[in-house]
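Contents: one structure, followed by commentary.
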Amino acid sequence: AIFPSIFDTASRLSSVLNSFFGVIAGAAVIYIMKILGTAAFKDRVKALGVDSAMGDGDVKLMAMIGAFLGWKLVIVTFFIAPLFGAVVGVFLKLKYGREIIPYGPYLSLAAMIAMVFGNKILGIFFGGL
């Protein structure tokens, strides 16, 4: 609401709504992935001794990212983060046998990329949505 120009608008109400829907979208996509991942890998999650496939901190982090970037760029962040997480995760699995990695750093890196290049990425895939 303080800087509506972040969302390319002059309207404070539009800026607040964009942040609000960004919070909802960010938290929802990660929460759904948490539920689906836990259900899909139920036996593995139990064997590792963890409660779920993804932590609650990731849900909160994506909600915060959505508040700052808005709903469009939080979705871009959601699709970029696994690219980094998969590369590092496969390396750590093969080299050290690690099965659990923190996802927050990859969400943060993806958010920075979405902040800088997100509108160009949307333009490439969706013609500027």
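Tabulated data
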item	result
Exposure rank, largest accessible area first [T9, T77; 1.4 Å]	T9, T77
Additional length obtainable on full extension of the chain from D8 to V87, 0.36 nm per residue less Cα span	25.1 nm
Cβ-derived FRET efficiency at R0 30 Å, K120 paired with L94, nearest 0.05	0.35
Candidates I35, I113, I24, ranked by Gaussian network fluctuation over the chain, Cα under 10 Å, top entry	I35
Degrees, to the nearest 10: 56-96 long Cα axis against longest axis of the chain	30 degrees
Average Cα contact separation per residue, the chain, under 8 Å, 6 or more apart, as relative contact order %	25 percent
Solvent exposure of the chain as accessible area per residue, Å², 1.4 Å probe	65 Å²
When each of K34/K60; K60/K93; K42/K95 is checked by Cα-Cα distance, pairs over 23 Å	K60/K93; K42/K95
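The values are calculated or read from the model by the stated rules, or taken from the named source; none is laboratory data. In this text, all values refer to a predicted model and were calculated from it rather than measured experimentally. In this analysis, Cβ positions are derived from the backbone assuming ideal geometry, glycine residues included, and neighbour counts consider all displayed protein chains. For accessibility, only protein heavy atoms count, side chains too; no ligands or nucleic acids. Shrake-Rupley method; radii C 1.70, N 1.55, O 1.52, S 1.80 Å.
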